[in-house]
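Take a look at the structure below.
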Amino acid sequence: MPPDTVSALTPPVSFALRLAGWSLALFGLFRVPWTGVHIFLPATQAQAAVGAALFGPSSLPVEATLACSGADALALCCAAIAAYPARWRTRAAGIAIGTVGILGLNTIRIGSLGRAAATPRIFDALHVYVWPAVLTIAIAGLVFGWMRIADRPRFPRHERSPAVASMQPGLPLVTLRFALVAVAGLVLFALASPLYLDSPRVLAVAWLVARASAVVLRAMGVNATAAAGMLVTPNGAFLVTQECIATPLIPVYLAAVLVYSPTWRSAGFRTLAAIPLFVALGSARLLVVALPAGLDHPPAFFIHAFFQFLVAAGMVCGVAFWRSGARASTGIRACAALALALGFSRILGGSYTGAMMSLTPITMDDPQGALTFLPAFQFGLFLALWIAAFLPSGWARFLCGASLLTAVQIAVGAGVQWLFVHAGVAPLVRDIRAWALIGPALVIAGVVYAAPPRR
């Protein structure tokens, strides 16, 4: 065989052989009885506990065994990454991200199967068809996404000029790294929820937040007291628990610190700054009890939705400065966009919500009002994001995006209602609030970036 033919066949053949070897090794290691009993069985039981916390208790008694561990999917994902010709540091990062992603997805799988156990038809469809397909697609997406990142050219810091940066396609590597670290952090944050939601130390921080809020409210002239986490004001009493201060913004903040800090020393200082920062945010969240009477919603509504509003405002300001740069006109545009969103919610939000609810009525409990407020909030956020950064895209795309958002809201509402009626599965409040923020951003990304340009 000619030498050039051998060299042409070597890389794919070598990768295939390494993939087979790593797969056999990991499948064998994961099926060793000691590994199953001491590693995967406790991990599966922990996933079942987290799944029950996310989706609620199982509708029928369901035992989480080693067959539910996701070990085979994890072995396949890790084998593909380990076999790929990349630096070991890059492979280690890929294996870590893949492990978190697969275990997190498997946790959702266990929780959803537990909720659907009382409906055999839905349970069988999810167990036999839907979840195997989802896991397969997830593994492929994780592995191929990691391969694309691993294959990107890397330049020394002193060579990263604008000309060099323009040679790298797609998102900047640091932005993509932040997105991956943030997603991994959010998954770990959800998996660790049984730990911090029952932690006495986190409860002590929550009580500190309640006392600090009472002090500030008294300085503002509001008669407020706090004892054992109970904040008492003329507008009512509010119990501050671990859940009140455990916001998903924490892993996102830490991801930004890890990715964007220039040195490990600055990363350490910024990590320590997270404690007073989120204590201050928790206290600010409780200060909305001083809002004047006459608003459409009670103070408790704004307390529960505080971080949702905060992230939405941050999204509008961030995308405005990203598109137009840091100057005074950009800040004015961002403030005008936020004012427009508030005006829409105040004037037309009720009518828009009524129209949506007539198409997809809600029959499930909505104690915090997150589901009822979802349509108006999403459309207001869509308006604000568009005015702040995407006006040059044209009114045709704006109308297309608004129509698409309305259609998505109807489809999601109908799907949520169907799952609740037929499977007894209701979304958690934090899932509703997350979708409230993600939905308009995805619609704008699809309309502005995925749609073909006009000719």
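The values are calculated or read from the model by the stated rules, or taken from the named source; none is laboratory data. Since this is a predicted model, take the numbers as computed values, not measurements. Note that each Cβ is placed from the backbone with ideal geometry, even for glycine, and that neighbours are counted across all protein chains shown.
Rundown of residues vs (1) of a type in the set (Gly, Ala, Ser); (2) closer than 15 Å to residue 44 by Cβ, yes/no style:
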position	(1), (2)
71	yes, yes
90	no, no
98	yes, no
118	yes, no
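Every test in (1) under 20 Å from residue 317 (Cα atoms); (2) without any contact (Cβ under 8 Å) to a residue 24 or more places away in the chain is passed by residue 437 save one, and that test is (2).
Against the definition (at pLDDT 90 or above and crowded, with 20+ Cβ neighbours inside 10 Å), how does residue 399 come out, yes or no? Here the answer is no, as residue 399 does not meet what is asked. Taking first residues from the range 299-319 that are assigned by TED's automatic domain parsing to the domain that holds residue 430 and partners that are among the acidic types (Asp, Glu) and in a helix (DSSP H, G or I), no Cβ contact under 9 Å between residues at least 6 apart in sequence or on separate chains turns up.
No other residue among 273, 255, 214, 206 is of a type outside the set (Ser, Thr, Tyr), within 17 Å of residue 306 (Cα to Cα) and surrounded by 12 or more Cβ atoms within 10 Å (Cβ to Cβ) apart from 206.
Answer with yes or no whether residue 379 is within 21 Å of the chain's Cα centre (by Cα), among the hydrophobic types (A, V, I, L, M, F, W, C) and farther than 23 Å from residue 247 by Cα. Spelling it out, residue 379 is indeed within 21 Å of the chain's Cα centre (by Cα), among the hydrophobic types (A, V, I, L, M, F, W, C) and farther than 23 Å from residue 247 by Cα. Among the conditions (1) in a helix (DSSP H, G or I); (2) within 21 Å of residue 424 (Cα to Cα), the only one that residue 364 does not satisfy is (1). Within the range 178-231, the set of residues being within 24 Å of the chain's Cα centre (by Cα), small (Gly, Ala, Ser) and part of a helix (DSSP H, G or I) comprises 179, 182, 184, 185, 190, 193, 206.
Going through 333, 285, 270 one at a time, which residue ends up being under 30 Å from residue 230 (Cβ atoms), assigned to a helix (DSSP H, G or I) and touching a helix residue (DSSP H, G or I) at 6+ places or on another chain (Cβ under 8 Å)? Give the steps one after another, and end with the answer.
Values: 333 fails: under 30 Å from residue 230 (Cβ atoms); 270 fails: under 30 Å from residue 230 (Cβ atoms).
Just a single option satisfies the conditions, and that option is 285.
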